[in-house]
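What follows is a short report on a single structure.
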Amino acid sequence: MNQKKREDENIAKSDILHFPEGIPGFEDIKDYVLLADEDVSFIMTLQSTTTKHPSFVVVDPYCVLTDYKPLLSEADQKFFKVTHTEELKFLLIAILTDNIEDSVINLKSPIAIHPEKNSAKQVILENSNYPIRFHLFSQTK
């Protein structure tokens, strides 16, 4: 799974993440690409390949919480055809605010990606202790 630069408008088929079920609220849009910023590698944009919107700001969870251990439901393991979550990549949807200290990420419902198949799904983790709204910069307060 490659991350494209923002200025690159040519999207290779191998760079497309396919969401068979779409993303909740955007079920009709199935294909996205990850756009990376060279200056801030842990913050990316998950952009629809067919329309300008939706576009989601996503972050690498391990840059925020080094001990993040997502636990998938049995149904999600079957969806991805995996037995261990280590086989997947995870990204967290972020809501960035004007006051950056108020920005939050969703630890409970990450985007799970099967890097070998480029299939993806927003999942709800079995971990009950992960909040939906976690302050992105809470570790620095």
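Nothing in this text is a laboratory measurement; each read-out follows from the coordinates by a stated rule. Note that the coordinates shown come from a computational prediction; the quantities given were computed from them, not determined experimentally. Reconstructed Cβ throughout: ideal geometry from the backbone, glycine too, with neighbour counts over all protein chains shown.
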Conditions (1) loosely packed, with under 11 Cβ neighbours inside 10 Å; (2) touching an Asp or Glu at 6+ places or on another chain (Cβ under 7 Å); (3) acidic (Asp, Glu) -> residue 21 fails only (1)
Any chance segment 24-39 includes a residue that's surrounded by 15 or more Cβ atoms within 10 Å (Cβ to Cβ), part of a loop (DSSP other than H, G, I, E, B) and basic (Lys, Arg)? yes
Taking the options 48, 119, 73, 103, name whichever one is surrounded by fewer than 16 Cβ atoms within 10 Å (Cβ to Cβ) and small (Gly, Ala, Ser). 73
